[in-house]
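Right, one structure below, let's go through it.
The values are calculated or read from the model by the stated rules, or taken from the named source; none is laboratory data. Keep in mind the model is a prediction, meaning the values are calculated, not measured. Every residue, glycine as well, gets a Cβ built from its backbone with ideal geometry; the counts of neighbours run over all protein chains shown.
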């Protein structure tokens with residue numbers, strides 16, 4: 001097997017680090033030449049010492065560096081900053097340079113998020129629609145004003161131009177503890193930081209928050225299972241016997257059930273009570289809090305984003321974990337135990 005040059009961003013992130021661990025354990029790993037762009041020199045050293053991969057220290061705003069690294073890769077794993085359009089464009093410029101030199105499109109796997117599906121229910125009603133990842137026309141109709149779409153659409157357009165093949169993985173709320181070689185190196189963020197943010201926010205206001213009546217529903221997926229989807233997607237892409245949908249047909253949702261905001265907020269309130277706060281919540285944000293949070297936050301957390309992962313499951317992906325609220329509770333307890 002020929003050498004496969006891989007460029008990854010987000011290599012020590014929650015999802016990216018778990019994906020990198022799977023690549024390091026892959027049956028073809030001896031043929032991988034993996035390069036990671038790292039912002040932290042300390043974590044870069046930890047990762048390099050633990051895994052032996054090539055590490056370049058630089059920020060995501062070092063666009064010339066990103067472009068150069070992307071131009072050398074036959075596969076790009078874009079596992080960080082799904083809303084950073086300039087970062088995505090730099091990777092695409094690199095991929096285009098490679099295509100002009102070799103005539104071979106770069107395989108580009110990108111993490112987006114189900115925020116692209118969110119409606120404006122603000123917690124007042126449940127989902128009126130469940131969007132299936134196999135429904136390419138419905139996904140294409142999502143406006144560019146939806147979260148993440150400005151980057152997703154840039155990738156799809158690049159795919160249409162032929163110099164890159166794009167695969168956009170769209171996970172719901174990701175939960176659980178990241179494991180693997182990257183986590184063991186001490187460099188990886190092993191938990192969903194958003195849960196900690198919610199806990200700190202609720203401690204500050206002395207009650208769990210609610211948006212509207214909390215009737216909106218979001219999908220969830222465990223960290224190991226979304227990462228295994230990405231690994232399966234990679235195997236499908238590299239297989240000589242299959243054609244893997246890409247571009248406008250290359251959306252792969254990652255979900256295995258859903259949760260309502262009111263359930264989410266009730267668990268948060270229970271943890272606050274365990275930590276000694278009075279049982280007075282969940283309570284809706286005040287108008288002043290709403291202004292501070294901003295409309296984007298309120299819409300994202302208070303909106304519906306239900307989806308179905310038919311295309312992902314057609315790859316042979318079979319998620320089984322449904323313990324979102326149990327895992328979320330444990331994460332909150334860990335954060336709460338460190339609160340003053």
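Here are the numbers for the structure shown:
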quantity	calculated
Tabulated pairs, the stretch 283-298, first free of Cβ contacts under 8 Å to residues at least 24 places away in the same chain, second surrounded by 11 or more Cβ atoms within 10 Å (Cβ to Cβ), C-beta under 8 angstrom, 6+ apart or interchain	290/298; 293/285
Residue among 78, 136 that is in contact with a strand residue (DSSP E or B) (Cβ under 9 Å, 6 or more places away or on another chain), modelled with pLDDT of 95 or more and surrounded by fewer than 19 Cβ atoms within 10 Å (Cβ to Cβ)	136
So residue 179, is it buried (at least 24 other Cβ atoms within 10 Å of the Cβ), in contact (Cβ under 8 Å) with a residue 24 or more places away in the chain and either more than 13 Å from the chain's Cα centre (by Cα) or in a strand (DSSP E or B) (or both)	no
Residue within the stretch 103-113 that is modelled with pLDDT of 95 or more, surrounded by fewer than 19 Cβ atoms within 10 Å (Cβ to Cβ), assigned by TED's automatic domain parsing to the domain that holds residue 9 and within 24 Å of residue 234 (Cβ to Cβ) present	yes
Subset of the stretch 315-340 (residues that are closer than 30 Å to residue 243 by Cβ and free of Cβ contacts under 8 Å to residues at least 24 places away in the same chain)	318
Enumerated strands (runs of 3 or more DSSP E) restricted to the stretch 190-308, each holding at least 1 residues that are surrounded by 18 or more Cβ atoms within 10 Å (Cβ to Cβ) and over 17 Å from the mean Cα position of the chain (by Cα)	217-222, 258-260
Check on residue 264, under 30 Å from residue 12 (Cβ atoms) and at pLDDT 95 or above	yes
Number of the condition not met by residue 327 [criteria: (1) assigned by TED's automatic domain parsing to the domain that holds residue 142; (2) within 28 Å of residue 180 (Cα to Cα)]	(1)
